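Only the coordinates and a few stated rules stand behind these numbers; no lab work does. Everything numeric in this text was worked out from a predicted model, so none of it was measured. When we count neighbours, we look across all protein chains shown, and the Cβ atoms used for this are built from the backbone with ideal geometry, even at glycine.
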Amino acid sequence: MGLVRWFHSLASPPHFYRFARRLSPWLAVSSVVLIVAGVFGGLVLAPPDYLQGDGFRIIYVHVPSAYVGMLAYVVLAGAAAIGFVWRIKLAHAVAVSVAPVGASFTFLALVTGAIWGKPMWGTYWEWADARLVFELLLLFLFLGYMVLRAAIEDRDKADRVSAILAAVGVINVPIIHYSVEWWSTLHQGPTIARLDSPAITLDMLVPLLIVIVGFTVYFAWLVICRLQGEVLERERTARWVQQLLAERAE
Amino acid sequence: MDVFLLILRRDLKIAFRRWGELATPLIFFVIVASLFPLALSPEEAQLRASGTGFLWIAALLSSLLALDGLFRNDLQDGSMEQLALSPAPLALIVLAKTLAHWLVSGVPLLVLAPFLALSFYLPVEALPTLVGALALATPTLSVLAALGAALTVSVRGGGAIIGLLVLPLTAPVLIFGARATDLAVHGESTLGPLYLLAALAVLALSLGPLACAAALRVGLE
């Protein structure tokens, strides 16, 4: 019961703001530690790939950013749907804060994929590669969400209209994913998400998993930072924000 | 059901009275399709290889253009508010309006497409598949474009944004439609992509109007 009540209290902006302020240094420190440890493991400890040599090491940036980009879209759509159904303003604020972060990670995945593609396939961009095209479409979905929000002046209206777009988008994401996959099969098969035995040695896999967790925590930190600003802006006329400002001024 | 037929009949009547608006997307479709050979090359081999792609892109763009104003006139003269207040479910009304729009913009496209395809040297045997695939794909495109129009009702001059919102979502339709046509050109079985197009149409027609109605209600406030 205590946990449920604590969770409910998070939906109240002042509670959430205090919680986020306490949480963000922890997220910052742990993301830096995890990413440094994982990158060290990946760039120094892991052996070079017998086919791709050292070129494969970009995987330690490419795969985590692609994963976080997709995670971000799911978080965005989930938060927007919660905000739409239960009219929780904080959930809409989460969706707003996630969108640019998710778009950035998706963009990073595209850029690192292109850089990786040049030595491996001999070309920066390969249209026949399903996952590159999927990432590109995902980036367009993020941009569409952000543009729609920016175009609607009334914040409450923008919250709810863009939530519908995000919900439609998240239904479409798996359809787009599988249609693009079916459309082309040139890309190398999945390497991690195989349950029997991963096609990658443990020395390479463990750093990758650590970086993925690190990127996820880093994503959470970025979102929490943006969210604090968003909450303050939305609640700028509320008494608790005024009190906070008064405390700061002293 | 009465409401559905009533709205359908009303929208068809309005559409035929404004035949300029009716013809614009179709002329647009023909012009875009005829600009592709000018931009690439008039060689027979090239046109046959990429003709299906031209047709699909042109169909996609013209269906977006056609549905830009789907709700705008009704919003401007206030009849959309009346429709939203009526006891009939708004999703049903939206479905009727989308169907009416598809009848006047999608069906003529199905008639025009074979002639354009023949001009691109596509084999006659592929034409039934092309028309069938377009017949399955255009309802999905109409629903998606209607969704774009519904999402942007509160945006001033929202026409340009609709493309940005909707076009990424049309990728599966484009992939399956072009694939079916391509298989037909090479004389292979086209059932797989056609089934998938039908599945997408069912999904769009069942869930799309609900999302449209929700977006319209927010936009009307």
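Observations on the model:
- Cβ-Cβ distance of B:Ser206 and A:Arg155, R₀ of 30 Å, FRET efficiency by 1/(1 + (r/R0)^6): the value works out to about 0.45.
- B:Glu125-A:Ala11 FRET efficiency (beta carbon distance; Förster radius 60 Å; 0.05 resolution): 0.45
- Size of electric dipole in segment B:2-220: Cβ of Lys, Arg +1 and of Asp, Glu -1, about Cα centre, debye, nearest 20: 500
- Going from the residue with the fewest nearby Cβ atoms within 10 Å to the one with the most, A:Lys89, B:Lys97, B:Lys13 rank B:Lys13, A:Lys89, B:Lys97.
- Residues A:Thr216, B:Thr181, ranked from the fewest to the most other C-beta atoms within 10 Å, line up as A:Thr216, B:Thr181.
- Segment B:1-130: relative contact order as a whole-number percent, Cα under 8 Å and 6+ apart: 41
- Exposure proxy order (Cβ contacts within 10 Å, fewest to most) of A:Val211, A:Val75: A:Val75, A:Val211
- Within segment B:19-65, GluC sites (Glu not before Pro) in DSSP loop having at most 11 other beta-carbon neighbours inside 10 Å: B:Glu43
- Computed on segment B:2-220, with alpha-carbon pairs under 8 angstrom and 6+ residues apart, the relative contact order is 26 percent.
- Relative contact order for chain A: 33 percent, from Cα pairs under 8 Å spaced at least 6 residues apart, divided by residue count.
- Ellipticity estimate at 222 nm from DSSP helix runs (n ≥ 4, -39,500 (n - 2.57)) divided over chain A, nearest 500: -27000 deg cm²/dmol
- Options A:Phe56, A:Ala249, A:Ile35, ranked by Cα towards positive dipole end of chain A, top entry (Cβ charges): A:Ala249
- Computed from point charges on the beta carbon alone (+1 for Lys and Arg, -1 for Asp and Glu), the dipole magnitude for segment A:58-241 about its Cα centre is near 540 Debye.
- Around the Cα centre of the protein assembly as shown, unit charges on the Cβ atoms of Lys, Arg, Asp and Glu (plus for the first two, minus for the last two) sum to a dipole of about 1320 debye.
- Note on segment A:58-241: dipole from Cβ charges, positive end direction compared against A:Pro207, A:Trp86, A:Leu132; the farthest Cα belongs to A:Trp86.
- Each of B:Ala59, B:Ile27, B:Pro89 was placed along the dipole of segment B:19-115 (beta-carbon charges, centred on the mean Cα), and the one lying farthest toward the positive end is B:Ala59.
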